[in-house]
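Novice: My structure is below; once you've seen it, I'll send some questions.
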Amino acid sequence: MSRFLASALGAAVLLGALSSLAPAGQPDPNQSTWNNLVGCSPKNTTASVSSRYQFQGTLRDGAGAPIANFPAAQLELDFGTCLNQSTRPANQIAADADSDVNGVVRWNTALNFGGGDPCAVRVLVQNVVFKTLAADQGLPNLSIDGGLRSVDQGGDGLVALGDLSIFQVEFVNTGTRHDFRGDLGPTFDGLTALGDLSTFQQHFTAP
């Protein structure tokens with residue numbers, strides 16, 4: 001084999017190795033998608049699976065392709081504008097794990113804290129705001145209002161009768177709605193209904 005051919009082959013191998021190490025497409029806020037609301041509970045890891053809160057999104061690059069294996073530490077929910085009492089360990093909560101093969105990012109175990117709040121919540125990717133989840137606005141009729149939902153409305157780390165009392169006030173409320181107090185989900189529909197009471201009960205009775 002000639003020296004020239006060997007050099008060419010060596011260069012090709014090197015380029016192939018470098019290309020395999022090239023970073024994936026950069027996350028694009030216009031292509032990435034996220035849930036519109038988020039909830040939390042100090043019993044989010046022990047309540048029945050169907051009643052647990054989960055927030056998720058899909059991370060995509062500028063071409064719309066999903067980005068896999070993006071570091072969880074760089075994917076955060078920012079609760080910095082939330083002022084009510086809470087057992088949240090920090091204002092910025094990282095995702096449970098790196099994005100999966102389809103670019104999906106999830107917060108589930110990470111939502112294991114209490115504290116309802118009328119605040120807006122931001123989705124951060126590498127400290128850049130990719131989405132802002134709406135704050136409570138007292139929207140009329142069947143609009144789905146914003147704010148941080150929690151079965152532990154008082155934010156003391158307990159799902160207790162005091163929290164049920166707050167739910168009951170919203171349940172019979174005929175004035176300005178505050179969905180973050182009554183639309184407990186985890187499928188948020190803008191209503192304070194018996195399904196939300198069931199969610200409360202499942203967290204109330206969880207170990």
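The values are calculated or read from the model by the stated rules, or taken from the named source; none is laboratory data. Because the structure is predicted, anything quoted here is derived from the model rather than measured. Cβ sites come from the backbone with ideal geometry, for glycine too, and all protein chains shown count toward neighbours.
Novice: Counting only residues that are surrounded by 14 or more Cβ atoms within 10 Å (Cβ to Cβ) and either hydrophobic (A, V, I, L, M, F, W, C) or in contact with a Leu (Cβ under 8 Å, 6 or more places away or on another chain) (or both), which one in the stretch 193-207 is farthest from ALA134 (Cα to Cα)?
Specialist: ALA206
Novice: Something else: Restricting to the stretch 170-188, what's the tally of residues that are modelled with pLDDT of 95 or more and loosely packed, with under 13 Cβ neighbours inside 10 Å?
Specialist: Number of matching residues: 1.
Novice: Only residues that are aromatic (Phe, Trp, Tyr) and without any contact (Cβ under 8 Å) to a residue 60 or more places away in the chain: list them for the stretch 45-67, please. Talk me through it step by step, then tell me what you get.
Specialist: Kept after step one, since they are aromatic (Phe, Trp, Tyr), are these residues of the stretch 45-67: 53, 55.
Matches in the stretch 45-67: PHE55 only.
Novice: Would you mind telling me which numbered condition in (1) surrounded by fewer than 18 Cβ atoms within 10 Å (Cβ to Cβ); (2) under 27 Å from PHE167 (Cβ atoms) ILE93 fails?
Specialist: Answer for ILE93: the failing condition is (1).
Novice: Just need a number here: residues in the stretch 55-69 that are assigned to a loop (DSSP other than H, G, I, E, B) and in contact with a Pro (Cβ under 7 Å, 6 or more places away or on another chain). Steps first, answer last, please.
Specialist: So the first thing to find is which residues in the stretch 55-69 are assigned to a loop (DSSP other than H, G, I, E, B), and the list is 59, 62-65, 67-69.
Right, trim to in contact with a Pro (Cβ under 7 Å, 6 or more places away or on another chain) and you get 59, 67.
Residues flagged as assigned to a loop (DSSP other than H, G, I, E, B) and in contact with a Pro (Cβ under 7 Å, 6 or more places away or on another chain) within the stretch 55-69 amount to 2.
Novice: Also, quick follow-up: I need a count of the residues in the stretch 179-207 that are touching a strand residue (DSSP E or B) at 6+ places or on another chain (Cβ under 9 Å) and either assigned to a loop (DSSP other than H, G, I, E, B) or aliphatic (A, V, I, L, M) (or both).
Specialist: Going through the stretch 179-207 one residue at a time, the tally reaches 5.
Novice: Follow-up question, since we're still on this one. Restricting to the stretch 73-94, what's the tally of residues that are assigned to a loop (DSSP other than H, G, I, E, B) and either under 17 Å from VAL125 (Cα atoms) or touching a residue at least 40 places away in the same chain (Cβ under 8 Å) (or both)? Lay out the reasoning, then the answer.
Specialist: First, the residues of the stretch 73-94 that are assigned to a loop (DSSP other than H, G, I, E, B): 79-91.
Cutting the leftovers down to either under 17 Å from VAL125 (Cα atoms) or touching a residue at least 40 places away in the same chain (Cβ under 8 Å) (or both) gives us 79-82, 84-88, 90-91.
Of the residues in the stretch 73-94, 11 are assigned to a loop (DSSP other than H, G, I, E, B) and either under 17 Å from VAL125 (Cα atoms) or touching a residue at least 40 places away in the same chain (Cβ under 8 Å) (or both).
Novice: When the stretch 129-174 is examined, which residues are found to be more than 19 Å from ALA47 (Cα to Cα) and in contact with a strand residue (DSSP E or B) (Cβ under 8 Å, 6 or more places away or on another chain)?
Specialist: VAL129, PHE130, LYS131, THR132, LEU133, GLY146, GLY147 - these are the residues of the stretch 129-174 that are more than 19 Å from ALA47 (Cα to Cα) and in contact with a strand residue (DSSP E or B) (Cβ under 8 Å, 6 or more places away or on another chain).
Novice: Report whether or not ARG181 is out of contact with any Lys or Arg (no Cβ under 8 Å at 6 or more places or on another chain), closer than 16 Å to SER41 by Cα, of a type in the set (Lys, Arg) and in contact (Cβ under 8 Å) with a residue 12 or more places away in the chain. Walk me through it before giving the result.
Specialist: Values: out of contact with any Lys or Arg (no Cβ under 8 Å at 6 or more places or on another chain): yes; closer than 16 Å to SER41 by Cα: yes; of a type in the set (Lys, Arg): yes; in contact (Cβ under 8 Å) with a residue 12 or more places away in the chain: yes.
Yes.
Novice: Another question, if that's okay. What are the pairs with Cβ atoms under 6 angstrom where one residue, in the stretch 102-125, is over 21 Å from ASP28 (Cβ atoms) and the other, located anywhere, is part of a helix (DSSP H, G or I)? Sequence gap at least six, or different chains.
Specialist: From the stretch 102-125, the pairs are GLY116/PHE180; PRO118/PHE180.
Novice: Scan the stretch 153-171 and tell me whether some residue there is polar (S, T, N, Q), in contact (Cβ under 8 Å) with a residue 60 or more places away in the chain and closer than 15 Å to HIS203 by Cβ. If you could, list the steps in order and put the result at the bottom.
Specialist: So in the stretch 153-171, the residues polar (S, T, N, Q) come out as 153, 165, 168.
Applying the additional criterion that residues be in contact (Cβ under 8 Å) with a residue 60 or more places away in the chain yields none.
Looking through the stretch 153-171, none of the residues is polar (S, T, N, Q), in contact (Cβ under 8 Å) with a residue 60 or more places away in the chain and closer than 15 Å to HIS203 by Cβ.
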